[in-house]
Amino acid sequence: MTGRQAEDMFHGIRFATPWAFMALLAVPVVILYLWRFGKPGTVRFSTIGNAKRAGASFRTNFAMLPMALRILAIVLVVIALARPQQGHEKVKDVTKGIAIEMVLDRSGSMGTEMDFLGMRSDRLGVVKRVFSEFIMGNGKTLKGRPNDLVGMVSFARYADTMAPLTLEHAALMRFLESIKVVTRQNEDGTSIGDAIALAAARLRTAEEELSRHTQQEGGKEYEIKSKIIILLTDGQNNYGRRTPVEAAQLAAEWGIKIYAIGVGGREAVRTVHTLFGDFKVPVAEGVDEETLHQVADETHGRFFMAEDEKSLRQIYEEIDTLETSEIESVRFVDYKELFALFALAALCVMMLEVALANTIFRKIP
């Protein structure tokens, strides 16, 4: 979702130039003048008894109608001069979210077993499940990240964008399921540096596109509060054009913070089942803690070591508290000018008054 917007509409009227109503003080003067000096000429009769018995005509009963219309026109003109405006108050929620790039290692060593809720699972499977809880929430310690832009980069020998930065986290989970441990020897490897550089480039591009979209729309509904990379790996950089530290320097230049998580331990082992029992066999060198420390320090981030599912979840809980989203309500009022309606009404009333004064209520002389 791009973030949430509400509108509160009120139909009150305000006047931009209320001092114009002072002109209404002249209305009683006009009425007094018309009543005093606006009477027609009179002819004296010896008696008006016969006229009284004849009754009053329509013209006589409504003789004051033209004067009433003239006064109404004056009042409408004064209201138009006061510039009535109808206000529309709008409340827009601007989400200040975190742009997160998840960088997941899917090299062969990530197939190594790891504890998950008392069961054995491969490291990549555990990482994916806890990452899903971090984004969607688990109803307990992790509340989810509904207001954050989240994208994914996976890597083995090569780094690939698995999902663009998006607020549609349900769709993101489908992309997450598609990430598997590499099975081909020519694809295996660990290019941590290239993966960090790719994720940093995606974050920088997203910020530029969001800025361009904001300028085109003329409003702001989403703002990137900060940009972070969460790197999860269990190995050491052995492929790629950039070293992890070089890529971290690039990320730091673009204002991106890196949280580096070492998965497993200093040595990757696999359980081998034999007739004589289960044995743990080393399959890789394990996490390069020194390099990951450097990567995190270069970007003012943090380095963590996750030995199992429980410690990995605790790391996400800590990141959850370090990187918080905000929703800021912005209120503004649009005003629609209504003076034209009153000016038009005044014109129509004046035209009616002139028409009646020269036809039905015409006076001679």
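Condition first: over 20 Å from Tyr316 (Cα atoms), of a type in the set (Lys, Arg) and buried (at least 18 other Cβ atoms within 10 Å of the Cβ). Now tell me which residues in region 144-185 satisfy that. Within region 144-185, Arg157 is the sole residue that qualifies. One residue stands out in region 295-309 among those that are out of contact with any Pro (no Cβ under 7 Å at 6 or more places or on another chain) and among the hydrophobic types (A, V, I, L, M, F, W, C): the one that is nearest to Ile228 (Cα to Cα), namely Ala296. Close contacts from region 311-330, counting a first residue that is closer than 17 Å to Gly139 by Cα and a second that is surrounded by fewer than 13 Cβ atoms within 10 Å (Cβ to Cβ) and modelled with pLDDT under 90, with Cβ to Cβ under 8 Å and a gap of 6+ residues or different chains, come to Arg313/Thr141; Glu317/Thr141.
For region 255-262, indicate whether the set of residues that are part of a strand (DSSP E or B) and in contact (Cβ under 8 Å) with a residue 60 or more places away in the chain is non-empty. Yes.
Quick one: which strands (runs of 3 or more DSSP E) sit completely within region 271-365 and have at least 3 residues that are farther than 30 Å from Ala16 by Cβ and modelled with pLDDT under 85? Quick ask: steps written out before the conclusion?
On the way: elements: 277-284, 302-306, 326-337.
Output list reads 277-284.
The single residue among Ser132, Ser121 that is in contact with a helix residue (DSSP H, G or I) (Cβ under 9 Å, 6 or more places away or on another chain) and at pLDDT below 90 turns out to be Ser121. Residues that are modelled with pLDDT under 80 and exposed (fewer than 10 other Cβ atoms within 10 Å of the Cβ) number at least 1 in the following helices (runs of 4 or more DSSP H) confined to region 1-82: 26-37, 49-54, 58-61.
The set of residues in region 146-164 that are part of a loop (DSSP other than H, G, I, E, B) and either closer than 22 Å to Asn237 by Cα or modelled with pLDDT of 90 or more (or both) comprises Ala156, Arg157, Tyr158.
The values are calculated or read from the model by the stated rules, or taken from the named source; none is laboratory data. Since this is a predicted model, take the numbers as computed values, not measurements. Ideal geometry is used to build each Cβ from the backbone, glycine not excepted, and the neighbour counts take in all protein chains shown.
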